[in-house]
Amino acid sequence: MRRRLAQILAVFTSLAILMLSALFAHVQQRGLPPAPAAAPIASTPEDAPAVAPAQADADEEDIPPVGRLVDRGRQVYQELRCSSCHSIAGSGNRRNPLDGVGSRLTRELLRRWIVDPRSIDPKVWKPSYENLSNTDLDALVEYLTVLTDSDDDRK
């Protein structure tokens, strides 16, 4: 009698583990609906917001060229809503943090992850931003390159 009860308990336990595993796998693979294709963001000077010439000159003199590129990259990151899937300094979706990505990946690999992520990992669910202008892509790569594990002053 005890042996029979132990067998029944083992079968039910196995079934429970199997069902929980299937449920967990389903939840992990469900993901979000695909994002709409990204349109180029201010790919030409005509598309950029109008700035008074005196203000533009003053701003450009204060910020070194690399700093402007990093700032534009941060802006592209925000416009593309990258924080819905990624986090930086704890802000955004913590499932896929980008802290320190600049020290782990080369610029070329960062570009491929942005433009054609499935060429690196066919199983990854990530939108490709092949329509992103070269200027904005360079800026985004520059921004990601400067991210380190210890930076706390980013937003």
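The values are calculated or read from the model by the stated rules, or taken from the named source; none is laboratory data. What you see is a predicted model; the values in this text were computed from it and never measured. Every residue, glycine among them, receives a Cβ derived from its backbone with ideal geometry; neighbour counts consider all protein chains shown. Please note that ligands, DNA and RNA were not included when accessible areas were found on the heavy atoms of the full protein model with its side chains. Shrake-Rupley method; radii C 1.70, N 1.55, O 1.52, S 1.80 Å.
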Could you state how much accessible area Thr135 has, in square angstrom rounded to the nearest 10, with a 1.4 Å probe and all protein chains kept in place? 80
Gln78/Asn131 FRET efficiency (R0 25 Å; Cβ-Cβ; nearest 0.05): 0.90
Add +1 for every Lys or Arg and -1 for every Asp or Glu among the other residues with Cβ under 15 Å from the Cβ of Glu130, and state the total. +1
Ranked from the most accessible area to the least, with a 1.4 Å probe and all protein chains present, what is the order of Val146, Val11, Val101, Val124? Val11, Val146, Val124, Val101
Residue span Val66 to Leu15: 0.36 nm per residue of separation minus Cα-Cα distance leaves a gain in nm of 12.6 nm
5 Å is the cut-off here: which amide hydrogens, built 1.01 Å from N in the peptide plane, fall below it relative to Ser87, excluding neighbours closer than 5 in sequence? Asn93, Asn96, Leu98
Summed residue charge, Cβ within 12 Å of Arg112's Cβ, Lys/Arg positive, Asp/Glu negative: 0
Heavy atoms of the protein only, probe of 1.4 Å, neighbouring chains included. What is the accessible area of Leu110 in Å², nearest 10? 10
Calculate the FRET efficiency for Lys123 and Met1 from the Cβ-Cβ distance with a Förster distance of 41 Å, rounded to the nearest 0.05. 0.25
Leaving ligands, DNA and RNA out of it, rank Arg81, Arg68, Arg107 by accessible area with a 1.4 Å probe, largest first. Arg81, Arg107, Arg68
Asp121 accessible area, 1.4 Å probe, all protein chains in place, Å² to nearest 10: 50
